[in-house]
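Accompanying notes for the structure given below.
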Amino acid sequence: MKINVSALPLAEQKKEALIVFFQGSENLLPSGNNTLKKQLETLLKKSSFKGEAGQTAIFPGAESQIIVAGIGKANTFHNGLLEQAAGAAVRTGQAAGLKSFAVTATIKLKEVSEADYQLLVGRGACWGSYEYLKYKTTKKKKTTPTLSFAGTIKDRTAIKRAQAQGTALLSTADVANGPGSDSTPENIAQWAKEMAKENGLSCQILGDAELAKKGCGGILAVSQGSAKGAKMIILKHAGTDKKAKPIVLVGKTVTFDSGGISLKAGKGMGWMRYDKCGGMAVLSAMQMIARMNLKTPVIGILGAAENMPGANAIRPGDIITAYKGKTIEVLNTDAEGRLVLVDAIGMALDFKPAAIVDVATLTGAVIVALGSAAAAVLSNNEKLTQSLISAGATAGERLWPLPLYKEYTDDIKSDFADLCNISKSNGAGTATAAAFLQEFVPEDIPWAHIDIAGTAWLESPKPHQAPGATLFGARLLAQWILQK
Ligand code: BES
Ligand code: ZN
Ligand code: ZN
């Protein structure tokens, strides 16, 4: 999707489709646009369109078709709904064979600033144009669609950011949707290397031998049952602020999670190819940060491994040694994400970071708690929690805090090693997993963990997106770095 600005009023844009947003029955067109407003009134009298969130309708027009897209009522609004409405509008248009779209440069919506509107709508339109076609043998012809912001825009920063972020999302989408046979640790590492080169990031990759030499027994324990080796992928954005300590973003990148010897039930196991989505969000965020030339130095670390029950697989009861020496009794090989993450967090600490944020599809329990409406955030630092929640609200990716009580830490003490990788008493799965990670972070380093197990992918189509990876986390991480 190519985004541009065009001074003419929306109705005069010679585009295949004009997109108009609605909050319930109210159109959100800014002042002016009177002919279009009248036209819409007539069209909508005979339509079932109610401006509900995710709802769209398409009407033939004289020069251009008109696509209306709803964001729902004011009392249920959050920024994600505007981004999704833009995505849904583009998907509706593309389904009708349309390639050029226009929206107004501003909107009559008090909840959202002009710049945020442009970022959300531009990025949402990009994401709405995506289709995963790699394994379809009847190929569609790919032409790049366009989105024009109609009107005069003095400051084009938000438009440029929308393009940078939209491009980063689109370029990561195929890797994120790739099956375990294709998006392997090795292929992801190779992809990351090329992406880094194109975007001016530096990239370092550690394979099995280097990880063994360093003593990264967590990630290696996970991958030892697989024929595919592990990779620790480290990306660096230098930034222009030479005095600042780096922020480190860590992503769980389990390319397929069978559960290992603690094998998962067969039903739906194919979705576990999306267990790499924390890493995919970090990969995409790093590209966004590079493309926006943000001043803050940022490091992205992906712990990439496959969790399989091969002959050399780790067994329940085995004791492993993580990077920096802590021992872990592995009582359930399906609680593998935390084993990968603690090595990656250990490596993050080597950079003397200002803060560490990890993103992971870590627990099924977070789906019980929050469904797909929000991701959970758990942290050792209240200020960090609040700044992430705020960035998430702006970026349209909601976070909800869960506590890290001492009880959860007490429950992961082992009789045979320092820690045990699951809780002795069942319950609070998301908090227990976070409490485990916290044991590897010194108290004075601000750290937050974001559990995206419920938000990382869609299993059924939504108006704004086909089933597949959402790249949830990328938008909020980029926004959070941007706000620094
Ligand atoms: N990858 C899963 C978590 C998951 C579950 C992500 C469902 C997305 C959807 C993780 O590795 C896992 O299996 N966690 C276990 C932990 C348990 C064994 C303590 C879980 O959540 O059941
Ligand atoms: Zn697992
Ligand atoms: Zn997993």
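Setting aside same-chain residues fewer than 8 positions from Lys45, which aspartates and glutamates have a Cα under 15 Å from its Cα?
In chain and number order, the partners are Glu26.
For Lys108, list the lysines whose Cα falls under 17 Å from its own Cα; do not include residues on the same chain fewer than 8 positions away.
In chain and number order, the partners are Lys37, Lys38, Lys73.
Okay, helix-only estimate at 222 nm for the chain: each DSSP H run of n ≥ 4 adds -39500 (n - 2.57), divide by all residues, round to 500 deg cm²/dmol; what do you get?
It comes out at -10500 deg cm²/dmol, rounded to the nearest 500.
Over the chain, what is the relative contact order in percent, taking alpha-carbon pairs closer than 8 angstrom and at least six residues apart?
15
Whole-Hz Karplus ³J(HN,Hα) for the stretch 422-433, in order, using 6.51 cos²θ - 1.76 cosθ + 1.60 and θ = phi - 60°, x for Gly and Pro?
9, 7, 6, 9, 5, x, 6, x, 5, 5, 4, 4
Suppose R0 equals 45 Å; then what is the FRET efficiency for Ser181 and Lys413 from their Cβ-Cβ distance, rounded to the nearest 0.05?
Given R0 = 45 Å and the Cβ-Cβ separation, E is 0.70.
What does the C-alpha gyration tensor say about the overall shape of the stretch 442-484? Classify as rounded when a/c is under 1.5, otherwise prolate if a/b is larger than b/c, or oblate.
Oblate.
Toward the positive end of the charge dipole of the stretch 248-407, about the Cα centre and with charges on Cβ (Lys, Arg +1; Asp, Glu -1), which of Ala369, Leu302, Met288 goes farthest?
Met288
By the scheme Lys and Arg +1, Asp and Glu -1, what is the net charge of all other residues having a beta-carbon under 12 Å from that of Gly364?
-3
Tell me the angle of helix 157-177 to the major Cα principal axis of the chain, expressed in degrees between 0 and 90 and rounded to the nearest ten.
Taking the Cα atoms of the chain, the angle to 157-177 is about 50 degrees.
Using packing as a proxy for protection, rank 451-460, 299-308, 264-273 so that the peptide with the highest average count of other Cβ atoms within 10 Å comes first.
The densest-packed peptide leads the list: 299-308, 451-460, 264-273.
Given the pairs Lys139/Lys160; Lys99/Lys140; Lys324/Lys424; Lys46/Lys99; Lys134/Lys236; Lys110/Lys462, which span a C-alpha to C-alpha distance of over 20 angstrom in this model?
Lys139/Lys160; Lys324/Lys424; Lys46/Lys99; Lys134/Lys236; Lys110/Lys462
Bin width 20 Å, alpha-carbon pairs only: give the P(r) of the chain as whole percents, running from 0 to the bin holding the largest distance.
Whole-percent P(r) values from 0 Å outward: 25, 53, 20, 2.
If the reach is capped at under 16 angstrom between alpha carbons, list the aspartates and glutamates near Lys142, excluding any in the same chain fewer than eight residues apart.
Qualifying aspartates and glutamates at Cα under 16 Å: Glu131, Asp174.
Excluding Ala125 itself, calculate the net charge of residues whose Cβ lies under 13 Å from the Cβ of Ala125, where each Lys or Arg counts +1 and each Asp or Glu counts -1.
Net local charge, Ala125 excluded: +4.
Toward the positive end of the charge dipole of the chain, about the Cα centre and with charges on Cβ (Lys, Arg +1; Asp, Glu -1), which of Thr430, Ile328, Asn33 goes farthest?
Asn33
Please give the helix 337-349 orientation as an angle from the longest Cα principal axis of the chain, in degrees from 0 to 90, rounded to the nearest 10.
90
For labels at Ser31 and Ala393 in the simple 7 Å Cα→Cβ model, what's the distance in nm?
2.9
Among 143-156, 94-107, how do they line up from the highest to the lowest mean number of other beta-carbon atoms within 10 Å?
Per-residue mean Cβ counts within 10 Å order the peptides as 94-107, 143-156.
Cα atoms only, the stretch 2-150: Rg and Dmax in Å?
14.7, 47
Round to the nearest 10 and give me the degree value, 0 to 90, for the angle of helix 79-95's Cα axis relative to the longest principal axis of the chain.
Taking Cα atoms only, the helix is inclined about 70 degrees.
Tally the DSSP beta bridges in the chain and give the antiparallel ones as a percent, rounded to 5.
Within the chain, antiparallel bridges account for around 40 percent of the total.
Which of Lys295/Lys484; Lys243/Lys383; Lys231/Lys276; Lys197/Lys231; Lys136/Lys228 have a Cα-Cα distance over 20 Å?
Lys243/Lys383; Lys136/Lys228
Taken together, the values in this text are just the output of simple stated rules run on the coordinates, not laboratory data. The model shown is predicted, which means the values in this text are computed figures rather than measured ones. Please note: Cβ atoms are built from the backbone with ideal geometry, for glycine as well, and neighbour counts cover all protein chains shown.
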